Structures are given as structure tokens and as C-alpha cells.
Amino acid sequence: LYTDNASGNFPQTDPRNATTLMGSSADSSYTNQNLFFTGTLWNHVSGANDSCIYDEIYIPYNSNTTLDLTMITEGLYNTVNNRLNKRDTVTVHLRNSSAPYEIVDSSIARVGNGGNGNFEFDNTDNFVDYYIQVKHRNSIETWSSAPISFTNGITSVFDFTGSQSNAYGNNLVYKYGKWCIYAGDINQDGVIDASDISSVENDAVNGLSGYVQTDVTGDNFVDGSDLSLTDNNALTGVTSVTP
């Protein structure tokens, strides 16, 4: 909050031209967390002939929240080069921390070859914890192990690859030093099973190529490597694990 203590400069064409910036301190007397002041106190001498006039008020505030997310999908991970075969689009939902865990905001971004992506949200509440739900076109839906704190205007950081316990229900697979999201949920129904195997097998027989759902490894060809990965995860009964 900006204020001007010189009447000769009043009114300003823009309140940010004022000489004094108020509200730089915080107080938690009546709340459980610090809230920046959004008001000002006018103190005058008793009996003096003075007055106080308020003009436009400008409060600098950045409501956007950014998530710096690191995640690796099992199918795209090239263990020889320690990078993903393809940069790919990922959707992140922020969900409430209590049942029924409604979606509060969503963001779509491209995750680079190193597994890192930046997701921007503009509908989050300040100082609130949310579950991170990650969805990729042919990988199993994966949630953060616990709600993550978000603060407006500040980038939150989360890394699925460092520990299996970072995912809800430990629902990650270890692959050459990285914890990865399971691949092979072609129809995105939350379970890798015979229907997913059938889709990959049919496209492999037909020699399908390009950016297609059944190309689990991201090499632009549907072949035995995609089928083998999907089949293995189906045999072990991989499903999504959610709160």
C-alpha cells in the first residue's frame, strides 16, 4: 500500500509515485499465519487544523503460482543417455487435501528431456496445501505422497524421481537410479491390463508410427519394445494409487 505524506504532491496520477511504501511488515495477531497489512494509520496532533484524504490505492500482488516439477515416465526414459527419448506434454491437477479431493486448478506444460517442466496456476489459494496429480498420455496417473504447500507468487518445487516415497502409495518404479512413473496405461483408465496390451499389439502388427498413444517408448514406432513394457506392467498388476 502506497501513501504520500506531502499535500503538495496530492493527488498522484499513479499511487505508486507516492513517497512512502506501507505494508512491508506482517502481523499474525488475529490469524494463524502472517498477513501483510493492507491499511494505514493516520496519526495527528490533537487540536491541529489538519485533514486526511485517501486517493486511489494500489496493492502489488502476484496471484500466479508456479510448480517446478521433475518427473520421468518409465517408457520415455533412455537409461543409456540418462534423458527422455522425447519431450512430451504432461497435465498436472492440483487437488484439495481432503476428501473428495476436488480439482482446484490444472496446468499443461511440456516436460523436457531432463524430466523437468514448469506449470503455472492462477486459481490457487495462498498458503494452502494441495495434492499434485500427474497425468501423461500413456502412463499411470500418479499423485504426490502428501499435499504440497503453495504460496502465490512463489515457485514450489517437487521431484518424483528422488525417492519412491514421493509418490502416493510408493507407486513408482526404479530404473537405473531414477524413480519413474509406470508406463502402459494406453486408455487412461487407471489400470494397465489386457486392453492396453491389445491396443499396443494391434498397432505394432499394423506398423503404426508417429506421435501415437501406443508408442510407449517415444521412438515414433509401435513395436515389440512398447508391447514388452506394457505387458510386464500388466502382469505385475500396476494400477493408479490415490487417496
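The values are calculated or read from the model by the stated rules, or taken from the named source; none is laboratory data. Please read all numbers here as calculations on a predicted model, not as lab measurements. Every residue, glycine among them, receives a Cβ derived from its backbone with ideal geometry; neighbour counts consider all protein chains shown. In case anyone asks, the SASA skips ligands and DNA or RNA and just uses the protein heavy atoms, side chains included. Shrake-Rupley method; radii C 1.70, N 1.55, O 1.52, S 1.80 Å.
Annotations for the structure displayed:
- The residues in segment 79-126 that are in a loop (DSSP other than H, G, I, E, B) and of a type in the set (A, V, I, L, M, F, W, C) can be counted, and the count is 2.
- Every condition in (1) at pLDDT 95 or above; (2) within 25 Å of GLY114 (Cα to Cα) is met by SER199 except one, and the failing one is (2).
- Test: residue in segment 91-109 that is within 29 Å of GLY237 (Cβ to Cβ), surrounded by 17 or more Cβ atoms within 10 Å (Cβ to Cβ) and of a type in the set (Val, Ile, Thr): yes
- Residue, most open to solvent (accessible area, probe 1.4 Å), within segment 110-130, restricted to residues that are touching a residue at least 40 places away in the same chain (Cβ under 8 Å) and aromatic (Phe, Trp, Tyr): PHE127
- Meets criteria (open to solvent by less than 50 Å² (accessible area, probe 1.4 Å), among the small types (Gly, Ala, Ser) and in contact (Cβ under 8 Å) with a residue 24 or more places away in the chain) for GLY169: no
- Members of segment 204-219 that are open to solvent by 40 Å² or more (accessible area, probe 1.4 Å), without any contact (Cβ under 8 Å) to a residue 60 or more places away in the chain and within 27 Å of GLY112 (Cβ to Cβ): LEU208, SER209, TYR211
- Of the residues in segment 79-87, not one is modelled with pLDDT of 95 or more and among the β-branched types (Val, Ile, Thr).
- Failed condition for PHE158, given (1) open to solvent by less than 30 Å² (accessible area, probe 1.4 Å); (2) hydrophobic (A, V, I, L, M, F, W, C); (3) assigned to a helix (DSSP H, G or I): (3)
- Residue in segment 222-233 that is under 30 Å from PHE121 (Cβ atoms), modelled with pLDDT of 95 or more and either outside any strand (DSSP E or B) or open to solvent by 60 Å² or more (accessible area, probe 1.4 Å) (or both) present: no
- Filtering segment 131-155 to residues that are in a strand (DSSP E or B), open to solvent by less than 20 Å² (accessible area, probe 1.4 Å) and either among the hydrophobic types (A, V, I, L, M, F, W, C) or at pLDDT below 95 (or both) leaves ILE132, VAL134, TRP143, PHE150.
- Within this structure, SER209 passes the test of being at pLDDT 95 or above and small (Gly, Ala, Ser).
- If you go through segment 191-221 and keep only what is of a type in the set (Phe, Trp, Tyr) and part of a strand (DSSP E or B), you end up with just PHE221.
- Any chance GLN188 is in a loop (DSSP other than H, G, I, E, B), open to solvent by 30 Å² or more (accessible area, probe 1.4 Å) and touching a strand residue (DSSP E or B) at 6+ places or on another chain (Cβ under 8 Å): yes
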